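The structure appears right after this line, and notes come after that.
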Amino acid sequence: MESPSRTALVFGGSGQIGIPLLARLHAAGWQVQAVSRQSQAAAPGLTWRRGDFAQPPALPAQVDVIVSCGPLDLFADWFAHSTLHCVRVVAIGSTSVHVKQTSADAAERDVARRLRDAEALLFASGNARDVSVTILRPTLVYGSGRDANLSKLAQLALRHGRLLLPRTACGLRQPVHVDDVALAAMAAASATATGSAAYDVPGGETLPYRDMVQRVLACLSPSPRLHLLPAPLFGMILTIAHWRGIARELTPAVLQRMQNDLVFDAQPARRDLNYAPRLFLPAADMFVVRD
């Protein structure tokens, strides 16, 4: 007699991590109900429900696993008030919970605070309901063209044929592919061990920021040039760009972080989730939005 299919409820299923996760769940025979703000086409084993955390759609009373690829704070608040029964929760957070807590930018410190509070609320809610909670904290996500970091830089460089960076942009980074984050989420969803934990999930290679960017530019066609400028000159140019409404996301805190090493330990995820992230080998189609 065949065992019954496992069931999953996935929030953010149409996002950059949700899409490869749904593919993995489907291939493993899961029955999935996915929530998205936009209408999506159903498929065998996949039912879409339209809504969000503020206005959730009608949901089943019970599933095996809930996976959230959406904002961690909104999901934590929803789960704390939900009566939906499950045995396991997997939620995507961010290493920003570490990185931004001492930022000079008040808005970034608030991001870190909300992530920290959301993690605490999820663990408390899971403990109260005897639900195992796994939180995954990716580093610099890439691979779908939807990220706000490397894809934005790639698209900006293609538009102008070049990209400017300060010479001080040499802090270490560990970019992680969306498929590797999805595989980690899949492993957490399929785990049989009980207990709750948070895991940093960095990419499989550590390299300086400017080298990471150079690899991205090298895979584009035509390949934009990377210009490394003295920090004072770059700052002057950036001030003019901000005045024109360009690159306002490059705040002083972001520039400072380009100099800092942001390196995280993948060993706990390797041990518990068989996490094996790939090296950083970018291709052009990783930095454009896939239809």
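The values are calculated or read from the model by the stated rules, or taken from the named source; none is laboratory data. Here the structure is a predicted model, which means the values were calculated and not measured. Because the Cβ atoms are built from the backbone with ideal geometry, glycine has one as well, and the counts that use them run over all protein chains shown. Each accessible area value is taken on the protein alone, full model and side chains, heavy atoms only, with ligands, DNA and RNA left out. Shrake-Rupley method; radii C 1.70, N 1.55, O 1.52, S 1.80 Å.
Radius of gyration and Dmax for the chain's Cα atoms, expressed in Å?
20.0, 71
Counting only residues 5 or more places away or on other chains, whose amide H sits under 5 Å from the amide H of His85 once H atoms are built in the peptide plane?
Here Gln62, Val63 satisfy the definition.
Cα atoms only, region 104-261: Rg and Dmax in Å?
18.7, 56
Give me the 1.4 Å probe accessible area per residue for region 157-291, excluding ligands and nucleic acids, in Å².
Values: 7180 Å² over 135 residues.
Heavy-atom SASA per residue in region 157-291 reads 53 Å².
Along region 52-60, what does the Karplus equation 6.51 cos²θ - 1.76 cosθ + 1.60 (θ = phi - 60°) give for ³J(HN,Hα), rounded to whole Hz, x for Gly and Pro?
Rounded to whole hertz, the list is 8, 5, 6, 10, x, x, 4, 10, x.
How long is region 164-247 along each principal axis, judged by its Cα atoms, biggest number first, in Å?
On the principal axes, region 164-247 reaches 55, 28, 23 Å in Cα extent.
What residues of region 5-30 lie in the reach of a label at Asn274, counting those whose backbone N is under 14 Å from a point 7 Å from the Cα along Cα→Cβ?
Within reach of a label on Asn274: 28.
Measuring from label point to label point, each 7 Å out along Cα→Cβ, what is the Asp110 to Ala247 span in nm?
Taking the simple label geometry, Asp110 and Ala247 are separated by 2.6 nm.
Check Val10: other-chain or 5+ apart residues with amide H under 5 Å from its amide H, H built from backbone geometry?
Excluding prolines and chain starts, which carry no amide H, the hits are Gln33, Ala34, Val35, Val67.
For region 258-271, in order, what is each residue's ³J(HN,Hα) by Karplus, 6.51 cos²θ - 1.76 cosθ + 1.60 with θ = phi - 60°, in whole Hz (x at glycine and Pro)?
4, 8, 8, 7, 10, 10, 10, 8, 8, 4, x, 5, 4, 5
If R0 is 25 Å, what FRET efficiency do you get for Leu281 and Ala41 from their C-beta distance, rounded to 0.05? Don't skip to the answer; put the middle values down first.
Details: r = 31 Å, r/R0 = 1.26.
It comes out at approximately 0.20.
May I ask you to evaluate 6.51 cos²θ - 1.76 cosθ + 1.60, the Karplus curve with θ = phi - 60°, for each residue of region 201-206 and list the ³J(HN,Hα) values in order in whole Hz, giving x for glycine and proline?
So the J values, rounded to whole Hz, are 10, x, x, x, 9, 10.
Can you give the relative contact order of the chain as a percent, counting alpha carbon pairs under 8 Å and 6+ residues apart? Walk me through the numbers on the way to the answer.
Numbers: 550 pairs, mean separation 53.8, N = 291.
Computed over the chain, the figure is 18 percent.
Compute the label zone of Ala193 within region 86-104: residues whose backbone N is under 17 Å from the point 7 Å along Cα-to-Cβ.
88-91
Search the structure for amide H atoms under 5 Å from the amide H of Val133, placed 1.01 Å from N in the peptide plane, and list their residues when 5 or more places away or on another chain.
For Val133, the qualifying residues are Val89, Ser196, Ala197.
Report the Cα-based extents of region 128-207 along its three principal axes, largest first, to the nearest Å.
Taking max minus min along each principal axis of the Cα atoms, region 128-207 gives 53, 24, 23 Å.
Per residue, how much space in cubic angstrom lies within the convex hull of the C-alpha atoms of region 1-73? Display every interim value, and only then the final one.
Working: hull volume 6.9 nm³, N = 73.
Convex hull of Cα atoms, per residue: 95 Å³.
In the chain, carbon and sulfur make up what percent of the accessible area (probe 1.4 Å)? Kindly include the intermediate steps, with their values, before the conclusion.
Working: 7730 of 14550 Å².
Of the solvent-accessible surface of the chain, carbon and sulfur hold 53 percent.
Could you tell me the center-to-center distance, by alpha carbons, between region 128-167 and region 204-257 in angstrom?
That distance is 14 Å.
Express the C-alpha Rg of region 28-186 as a ratio against the empirical globular expectation 2.2 N^0.38 Å, rounded to two decimals.
Values: Rg = 18.1 Å, N = 159, 2.2 N^0.38 = 15.1 Å.
For region 28-186, the normalised Cα radius of gyration comes out at 1.20.
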